[in-house]
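Structure, as C-alpha cells:
The values are calculated or read from the model by the stated rules, or taken from the named source; none is laboratory data. Here the structure is a predicted model, which means the values were calculated and not measured. Cβ coordinates were reconstructed from backbone atoms using ideal geometry, including for glycine residues, and neighbour counts include every protein chain displayed. Each accessible area value is taken on the protein alone, full model and side chains, heavy atoms only, with ligands, DNA and RNA left out. Shrake-Rupley method; radii C 1.70, N 1.55, O 1.52, S 1.80 Å.
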Amino acid sequence: MKVLPTKYDPKNIEDRIYKKWLPYLSVEKHKGTKNFIALMAPPNVTGSLHMGHSLQNTLLDVLIRYKRMNDYKIIWIPGLDHAGIATQNVVEKELKKEGLTRFDLGREKFIKRVWEWKEKYGNIILEQFKKLGISPDWSRTRFTMDKEYVKWVERAFIEYYKKGWVYRDYRAINFCPRCKTSLSDLEIEYIEKEGKIYYIKYPIKDSDEYLTVATTRPETMLGDVALAVNPNDQRYTKYIGRIAILPILNRELLIITDIKVDPKFGTGVVKVTPAHSIVDYEIGVRHNLEMIKVIDEDAKIVNVPEFENMDYLTAREKILSILKQKGLLEKEEDIKHNVPICYRCQTELQVIPSKEWFLKMTELAKIAKDAVKTRKVYIIPNRFKKIYFDWLKNIRDWCISRKIWWGQVLPVWYCKNCEDSYVVSTKKPNKRCKYCKKNQWYRTEEVFDTWFSSALWPFAILYTKKEKDWYPADIVFSARDIINLWIARMIYSGIFFMKKPPFKFVYIHPTVLTKEGKRMSKSLGTGIDPLDLIEKYGADALRFGLIWQTTNLQDLRFDETNVENGMKFANKIYNAIRFYLIRYPEMKKREGFSSEDKKIIRAFNSTLKYVSKNIENFQFSNALKRLYKFFWNHFCDVYIESCKGDTKNNPEVLRMIVINSLKLLHPFMPFITEYLWEEIGNRNLLLHEKWPQQI
RNA sequence: GGGCGGGUAGCUCAGUGGUAGAGCGUCUCGCUUACAACGAGAAGGUCAGAGGUUCGAUUCCUCUCCCGCCCACCA
C-alpha cells in the first residue's frame, strides 16, 4: 500500500487534476438527461482575475458541479468581452510608452495593434479561471468581436432601426475629452470636489434691474440662450417674458419658465445652455431654443472669437475677470459639488452637442419591467429589483454610438457629399443619395457602446446554427454594479429578439471588500490578488474562504483567515481519507450497525438534505458550513475516533461516509476531492459522479 | 435631495417573540498509533441608542446616531 505524506500539498495536484478534467468539460462529454444552462459574465480582455471574478465564478461553479452530479447536462460557455473603451485605453497607454498616440498610428494600424494585444493578453484571465477550478466548456469559448458575434450586433442594430427605435440625432451628450468619445448615462461617475459657485448678474434689457444666476461653470454662459425660473416662483413672476442681456456677448436672452428649475437652489434663476447641459438641452427642446456650441471635443472654446481655442478653465478665469471688471460678479462661494467623470479614465466630462445614434427606450424599458414584474425573471435577493425598476422608470434614450476605434462598427453608410444622408446596411449600398443623386457611400467609423454587444450575449452564444435549443439560459450570476448596465439590457434585448427572457434567475452576489470595508482597488493598493492566495493556500482553500463568507448582504469583507481555514479543512479531509486508507483494510467485517454507525448515518442524511436544499436556494455558505461541521465534528471527531481500537463499527459505514462525503464536498472543493477520489481507488471522475442519495 | 443594506464576543459573520451562536483569535491542558494545518476544555456580549407594542424584544413598530452603497444631479 502506498503511504501518503501527512500533509496535503495542493501545488502539483491542482494543475494535474485540472488537466485531467479538461477533456471532459465539453457539453458532449456528459450525458445528463436535462439541460442546465448558465451564463458566464464574460470578463474584459484587459482584465486579470480579481476577487470579484473569483467569488462569482466559484459560486456559480458550485451550483454547476452540483447540477452536473444531479443528472444535468451542463451548458456553460466561457467568453471574453472586447470592452471597447477600457481596452482601447490600455493599448493607448502601451503606445504612450513609445511616445505615440493612436492618432500617430492611424485607425487601421491601431486596431491591428489592439488585436495583437488581445491575442497576447486576452486569454490570461481565462487561464486564471482554470486555476480556480471552474468547469465551463472551454471548447466553446466566445469573444464579442468574433465574426459570428459581430453579425448579431449588426443584425440587432438593423432590427431596431427597422422598428424605428434607432435614430440619429444632434443633441447634448456626455463626452470624454480624453477618450474622445460619447458616453451613455450609465458610463458616468461622479466625484465630490471642492469648487466655487459664482453669482453672476444678468442685466434686464431697458432697465436698471438685473437677475442673478448662480453657476459653477461660468464659461458655459457663452452658450446661454435663455434664463429660466420656476413657474411658481413668486419672486420672478414679473420678469417672465422679458429680455435679459448676456454679459460679455450682449446676446438677448428670453426669460422663460420651466418646472425643472428648483427655486431653492442658488438664486432660483437658471442660465439655459442647451448645448452644454443635459437638463438645459431638455429645457431647450421644450421651449424650442437654439443650441449654441461653445465647447468642443477637446474641452476648448469654439465659436466665440475672443476666446477661440482657449481651454475651458482658462476661459473661465478670463470670463470671471471681465465680469469682475464690469461689476457683474456679485459674489463667489465655496461649494462641494459632484463633478461628472469618465468611468474608464476618470477625466472630467464635458457635455457637448454631437451627432450620435440613439436607441429609443420607451418600449424596451416596458418590456424589461414587465419581465420582472410578471415573474418571468427573478432577481435574487429580491431587494435588488428596486435598483432595476428605478432605472427603467426614469430612463433616457440610450446613446449607443462611440467615437473610439475598438469595437464593432455601426452598419451605417454616409454619403460622401451630403452630411445627413445615410443608409443602414451591412453591405455597401448600391443606390443614389436622395440629396446629391450620387452613389458614393463610405462606411462610418463609429462603433457600438461595448454594452450594446454585451446585451446580446445570451442569444449570441446560445442560439447558434448548431445549437438552436440552448436559448434561454437558466441563470446568470452578476455583481450588483452592472444590474442596469448589463442585466437589464440583456433582458429586454433577449425578449425583443428571441421572444423569451434570456434567463430565469439573476443571482446578485456581494461585492468583495477589504476586511476594513474598503473597496479593493489596485491603484489604492487595497486589492488582494486571488492568484497569490491560490499560490499560498491552494484553489480549494480560496474557494472555501470565499463561499464561507458569502451572505445575502451587499458586501463581503474579505478575511484571509477563512482561506487559511479552508487550507486546514483540506488537510483535515486529506487526513481523514488517510485514516480510511490505513484502517479500513484492517477493520473486521461485520453485519449490522453499531450505535455510532447509526448516528453518523443519520447525521449524513440530514446533512445531505440540508446541503442540497441550500445549494438550490443559493445559500452556499450555509451549505458549506453545515458540511464542514458534519465532516469535521461528527465524522472526524466522533465517528472516526469511535473506529479506533476495539470497535464495533461496521467498516462499510466508514466506507460509505468517505465516498459520499467526497461527493458532497466536491462542488465546493473540487481539486482535493477529485484527487482523493482517485486515491481511494476510483478510475472514473468524481466530476461526473452522481450526487448521493439518502443512505 | 430620494432609496437600499448594515451596526450581535477582539475580528469576520449566523440567528431567534421566551434567560445569546459559529469560525478565527485569546487562555488552560495534551506531540494519544489520520491530522499540532490536531485533540480536550475555558473565558469572553446591558445583540448601536431612546421610546412603543407585549406577560416577555436582540428579534415587531417609531425615532435618533454612526458606517457603506445606489439613484438624481445643483444649473
Is the C-alpha gyration tensor of the stretch A:549-603 telling us rounded, prolate or oblate? Criteria: a/c under 1.5 is rounded; beyond that, a/b larger than b/c is prolate, otherwise oblate. oblate
Under a 1.4 Å probe, counting only protein heavy atoms, A:ARG383 has an accessible area in Å², nearest 10, of 120
Considering only protein heavy atoms, what per residue accessible area in square angstrom results for chain A with a 1.4 angstrom probe? 45
For A:LYS151 and A:LYS196, FRET efficiency with R0 = 45 Å and r from the beta-carbon atoms, rounded to 0.05? 0.30
Sequence gap at least 6, Cα distance under 8 Å: using those rules, report the relative contact order of the stretch A:289-429 to the nearest whole percent. 15
Mind pulling the angle between the C-alpha long axis of helix A:489-498 and the longest principal axis of chain A? Nearest 10 degrees, somewhere in 0 to 90. 80
Find how many whole Å separate the alpha carbon centroid of the stretch A:506-543 from the alpha carbon centroid of the stretch A:593-653. 31
Under the Karplus curve 6.51 cos²θ - 1.76 cosθ + 1.60, θ = phi - 60°, whole-Hz ³J(HN,Hα) for the stretch A:51-56, x wherever Gly or Pro sits: 5, x, 4, 4, 4, 4
Report the gain in length on full extension from A:ASP646 to A:LYS11: 0.36 nm times residue separation, minus Cα-Cα distance, nm rounded to one decimal. 224.8 nm
Contact order relative to length for the stretch A:464-610, counting C-alpha pairs under 8 Å separated by 6 or more residues, stands in percent at 17
The rounded separation in angstrom of the Cα centers of the stretch A:368-443 and the stretch A:100-159 is 21
Set of the stretch A:486-516 residues, backbone N closer than 13 Å to the point 7 Å along the Cα-Cβ line of A:ILE158: none
When you count, for each residue, the other Cβ atoms within 10 Å and take the mean per peptide, how do A:449-457, A:160-168, A:595-603 rank with the highest first? A:449-457, A:595-603, A:160-168
Karplus-derived 3J(HN,Hα), 6.51/-1.76/1.60, for each residue of the stretch A:343-352, Hz, glycine and proline x: 6, 9, 10, 6, 6, 5, 7, 10, 9, 9
Return a whole-number percent for the relative contact order of the stretch A:596-695, with Cα pairs under 8 Å and 6 or more residues apart as the contact set. 29
Carbon and sulfur: what percent of chain A's accessible surface (1.4 Å probe)? 50
Sorted by chain and number, the residues with a modelled amide H under 5 Å from that of A:LEU211, at a separation of 5 or more or across chains, are A:TYR202, A:ILE204
Loop only by DSSP, 15 or fewer other Cβ within 10 Å of the Cβ. Give me the trypsin sites (Lys or Arg not before Pro) in the stretch A:634-684 that pass, ordered by residue number. A:LYS644, A:LYS648, A:ARG683
Expected output is a single nm value to one decimal: the length gained when fully extending between A:LYS29 and A:LYS109, i.e. 0.36 nm times separation in residues minus the C-alpha distance. What is it? 24.6 nm
When each of A:LYS366/A:LYS403; A:LYS193/A:LYS300; A:LYS264/A:LYS386 is checked by Cα-Cα distance, pairs over 25 Å: A:LYS366/A:LYS403; A:LYS264/A:LYS386
At a Cα cut-off below 13 Å, give the aspartates and glutamates reachable from A:LYS369, other chains included and same-chain residues fewer than 8 away excluded. A:ASP390
So for A:SER277, A:SER139, what's the accessible-area order with a 1.4 Å probe, most first? A:SER139, A:SER277
